[in-house]
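Every read-out reported here was derived from the displayed coordinates using simple, explicitly stated rules and does not represent laboratory data. Small disclaimer: the values here were computed from a predicted structure and weren't measured. A quick note on method: Cβ atoms are made from the backbone with ideal geometry, for glycine too, and the neighbour counts reach across all protein chains shown.
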There are 2 protein chains.
Amino acid sequence: MTASRTQFDWRDFSVPALPPLLRAAMDCFVEHGYHGTAIRTVAGRAGLSVPGLYHHYPSKQALLVGIAESAMADLHARSTAALAEAGDDVEDRFALLVECLVLVHAYRWEHAFIAASEIRSLDAPARAGHIAARDRQQKLLDDVVAEGARLGRFGTAHPKDASRAVTTMCTGVAQWYRTGGPLSPEELAVRYVQICRGAVGAP
Amino acid sequence: MTASRTQFDWRDFSVPALPPLLRAAMDCFVEHGYHGTAIRTVAGRAGLSVPGLYHHYPSKQALLVGIAESAMADLHARSTAALAEAGDDVEDRFALLVECLVLVHAYRWEHAFIAASEIRSLDAPARAGHIAARDRQQKLLDDVVAEGARLGRFGTAHPKDASRAVTTMCTGVAQWYRTGGPLSPEELAVRYVQICRGAVGAP
C-alpha cells in the first residue's frame, strides 16, 4: 500500500496512439484511402519487406481492423477515466466527457477520419464490432445527458438528439482542427464545453 | 407582371440532385471509395459502355469533380434561398439556415459523405475550388451568428467557434440519419433548430 500504480492520464497525448506499423498504415490510408493503398506502400513506409509486414498483420484488412479497434479502445478508455475523475455530479461528468471528446478528436484527427471514411471497407464482422464499440461510446454521453435532463439540470426536451448532436460537434473537430493554429486543443475544449452546455440547455 | 416565375423551393427534395451518370458514380464511390471504383463499374451501373461514359466525362476525376461541385452548388442555392425567405431578423435567419442544413444533410447524406471522405482524391485545382466553396458556405452562417452576437440576441462569447460547431452538428446528420426512421427530416430539423439555438446562446 505504499505507492499506487501510475494512473492513466486521459489528458496525456504525448504517447503515440499506435505501434509504428499501424501508424504507417494509417498515414497511407489517410493520404490515399484504403482501396488506394498498396500493401507494399505500407511496408515501405514502415521500413519492412512485404513478407515482414505479413508476419505481423496477415492482410491489409487486418491493418484497418487494428487501427479502428485501437482508436475506439483509446477513446473509450479516456472517456471512462474522465467520467471517473468527474465523480457523481452530472454537469461535471458532461464537462469532462466533452473535454475528452474534443481533445481526442483534436489530437488524433486521423483516427476519426479513418473511422468515419473507411467503415465501409471493414469486413462484415469487423464492421459489426466497430458499430458496437461506437454505440457503447455514444451511450456514455447519452446516459449523462439523460440524467441531466431527468434531474432538470439540462433543459433539453430531446436528450437523445442533443447527445448525438454534441457527439457530432466534438467528433467534427477532427474534420477541421489542426494543431499549430491559434487555439490549443485544451483552449478549444474549454469553448466547446460552453457551446455543448448550450446545446443541452444547461444554464 | 401577371405570373411570377416559379420560385425555387429550397425545402423540396423530390427532384434528383444529380444527373443519372453522376448518381451512378456517387453510388459506386459511396460503396467502394473513389480509388476502389473502376470506371467500367460506373459505366455498367449507368447502362453505358466505357467509351460512352468517357463521351460525357473524360475521367473518373471529372465525375468526382462533378459530384462535389453539384453538391456544393445545391447547398449554397438552398441556403441563400432560405436566408432570402427569412428576411432581416437574425433569429429567423439562423433558424431557416439551420433547417436548410439539416434537411440537405438528411436527404442528401451521400453528397456529404463524398465531400467529407474524398476531398483528398480531388486534384489540386478542384480541391482548392471545393475548399473555396466550403468557405463561402460557412461564411453564410458565420455572418448570421456574428450579427446575432453583436446585437446581443445570441449570448455566445465565441461566435466563430459556435458557428463552426453548429455547422458540424448539422452536417454530422449525414453520418447517422437515414430516412425511414422514427423522425422525418423535417421533424429532426425542428429539434436541431432548438439544439443549435442553445449552442449559440439564444434564449
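A few notes on this one:
- Each 10 Å bin, from zero up to the one with the longest distance, holds this percent of the alpha carbon pairs of chain B: 8, 32, 32, 19, 7, 1.
- When the convex hull of its Cα atoms is projected in every direction, mean area for the protein assembly as shown (nm²): 25.3
- Charged side chains reduced to their Cβ positions (Lys and Arg at +1, Asp and Glu at -1) give the protein assembly as shown a dipole of some 860 debye around its Cα centre.
- For the peptide A:98-110, the mean number of other protein chain Cβ atoms found within 10 angstrom of a residue's Cβ is 0.
- Inter-part distance where the stretch A:9-52 and the stretch B:151-203 are each reduced to a Cα centre, Å: 35
- Pseudo-label separations to other copies for B:Arg11 - Cα-to-Cβ vector, 7 Å, nm: 4.7
- The relative contact order of chain B, computed from alpha carbon pairs under 8 Å that lie at least 6 residues apart in sequence, is 24 percent.
- Other protein chain C-beta atoms within 10 Å of residue C-beta, averaged over B:152-160: 2.
- Point-charge dipole on Cβ atoms (K/R +1, D/E -1) for the stretch A:30-122, about Cα centre, debye to 20: 760
- Sorted from shortest to longest, the distances between the A:His56 label points of this copy and the other copies are 4.5 nm, with each point 7 Å from Cα along the line through the beta carbon.
- Those lysines that a straight Cα-Cα span of less than 25 Å connects to A:Lys160, excepting residues fewer than 8 apart in one chain: A:Lys139
- Options B:Leu141, B:Val190, B:Gln175, ranked by Cα towards positive dipole end of the stretch B:60-199, top entry (Cβ charges): B:Gln175
- Globularity ratio of the stretch A:105-192, using Cα Rg and 2.2 N^0.38 Å: 1.27
- In this structure the amide hydrogen of B:Leu183, modeled in the peptide plane, comes within under 5 Å of no amide hydrogen from residues 5 or more places off or on another chain.
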